[in-house]
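One structure is given below, encoded as structure tokens.
The values are calculated or read from the model by the stated rules, or taken from the named source; none is laboratory data. Owing to the predicted nature of the structure, the values given are computational and were not obtained by experimental measurement. In this analysis, Cβ positions are derived from the backbone assuming ideal geometry, glycine residues included, and neighbour counts consider all displayed protein chains.
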Amino acid sequence: MSRDLESVCIHGSETPAYRDDVRAISFPIYQTASFSHDLVGYNQFNYTRQDNPTRLHLEETVAALEHGVDAVAFTSGMAAISAVFELFQSGDHIVSCDDLYGGVTRHLNSINRKNGLEVTFVDATVPENVEKAIQPNTRALYVETPSNPMMHIIDLIALASIAKAHGLLLIVDNTFMSPVFQQPLDLGADIVVHSGSKFLSGHNDTISGFAIAKDREIADKIRLIAKTTGGTLAPFDSWLVMRGLKTLCVRMERQQANAIAIADALQHMPHVTEVLYPGLPGHPGHEVQKRQATGFGSMISFRVDSKARAYHVLQHVSLIIFAESLGGTESLITYPLTQTHPDVPESMRQQLGIDETLLRLSVGLESVRDLLEDLGKVLEEEI
Ligand SMILES: *Cc1c(COP(=O)(O)O)cnc(C)c1O
């Protein structure tokens, strides 16, 4: 029987490809560019761009958490996603959900298009929309669920069956859920990507990313791309993510508990006109989320009644920090319009509802009473 996630987060893979000689409890940081060889043609490690024991230990841990055959650690989530797009050829087509991390929309619209890779954005909360957008040259479906920042829930089982019927790869960004709440490879996805800068590392102190594959052939292609394009994670950063991962399960649970209390309270606070959180029974994706995930996470988007109120909230919260990013111990509040999604075309933003009244809150590990007091104050104040 394989070990539970709590144990994997702390101890890593049960069958590590490498153990350090002195068996340190905290895995060593192999801060080296290269490795010496004894024999011609055989050695486990060569050169750190390609392989490094510290990174390998982290990769094996993340692969085990996501139930993949292999994971590659990159210098950022965008580096991981960009490497996955290198699996495709000029002339290929991808169907993507329309609500996405802004950097991915930018990549699909700029670098991918420059490379001859076409994209069609659809509202993927309706699986038929995805199926209708498939063309003879479509090679993959790319989705994020819950999506950033509108918290759309996409039915991964339905998309996996569409992908299978049409011979497409299903690629899922699992950043918001982490493997603690959702394991897309078990639901039929082929590749999972992560911004490791968020929940996986969890302390707002490092940038990293992962691509995890379900089968060996794709995993080997991603490894070759990583080795060739060189965006692999440095040993020290690998160690930081590993250290963060040890507490992933307890962080996810506690941040979620805080988020449930806050989402609930926000609905009754003055000037709040809409709360987008999949844990609320009225959220349109609530039932799908319960079917495919074991939690709702700790990301909440909400809308206030004016731009002035949105600015007031951002500029006057005292414990919550007005900053980009998410998933860490510190609660952060973000303005998607100017911070994370400015490069999403205006028409697409309008259609999605990413406007001047939308705020995104990443709920951290502070006292929930203090967080509620902070939000209550900025929402009640006269402006
Ligand atoms: C942050 C984020 C990314 C990009 O990751 P970086 O580590 O910032 O490069 C991709 N997808 C989602 C959902 C994110 O939140």
In the stretch 279-305, the residues that are within 23 Å of CYS249 (Cα to Cα), part of a loop (DSSP other than H, G, I, E, B) and touching a residue at least 60 places away in the same chain (Cβ under 8 Å): ALA293, THR294, GLY295, PHE296, GLY297, SER298
Only one of ALA259, ALA265 that is in a helix (DSSP H, G or I), touching a Leu at 6+ places or on another chain (Cβ under 9 Å) and surrounded by fewer than 20 Cβ atoms within 10 Å (Cβ to Cβ): ALA265
Every residue from the stretch 223-249 that is outside any loop (DSSP other than H, G, I, E, B) and among the small types (Gly, Ala, Ser): ALA226, SER238, GLY244
Set SER82, SER76, SER26: member being within 16 Å of the ligand (Cβ to nearest atom), more than 29 Å from PRO136 (Cα to Cα) and in contact (Cβ under 8 Å) with a residue 24 or more places away in the chain: SER76
Strands (runs of 3 or more DSSP E) enclosed by the stretch 101-173 - at least 2 residues per element that are closer than 15 Å to SER82 by Cα and free of Cβ contacts under 8 Å to residues at least 40 places away in the same chain: 118-122
Residue in the stretch 100-117 that is crowded, with 19+ Cβ neighbours inside 10 Å and away from the ligand (no atom under 16 Å from the Cβ) present: yes
Which listed residue is more than 16 Å from the chain's Cα centre (by Cα) and part of a helix (DSSP H, G or I), from ARG55, ARG19: ARG55
Test: ASP186 is closer than 26 Å to GLN89 by Cβ and either within 11 Å of the ligand (Cβ to nearest atom) or outside any strand (DSSP E or B) (or both): no
First in the stretch 46-62 and of a type in the set (Asp, Glu), second anywhere and part of a loop (DSSP other than H, G, I, E, B), Cβ under 7 Å, 6 or more apart: ASP51/PHE45; GLU60/GLY12; GLU60/SER13; GLU60/PRO16; GLU60/ALA17
Hey, SER306 more than 19 Å from PRO179 (Cβ to Cβ), modelled with pLDDT of 95 or more and surrounded by fewer than 15 Cβ atoms within 10 Å (Cβ to Cβ) or not: yes
Criterion violated by GLY328 - all others in (1) at pLDDT below 95; (2) within 16 Å of the ligand (Cβ to nearest atom) satisfied: (1)
Selected residue (only one of LEU319, LEU314 is over 20 Å from the mean Cα position of the chain (by Cα) and either of a type in the set (D, E, K, R) or in a helix (DSSP H, G or I) (or both)): LEU314
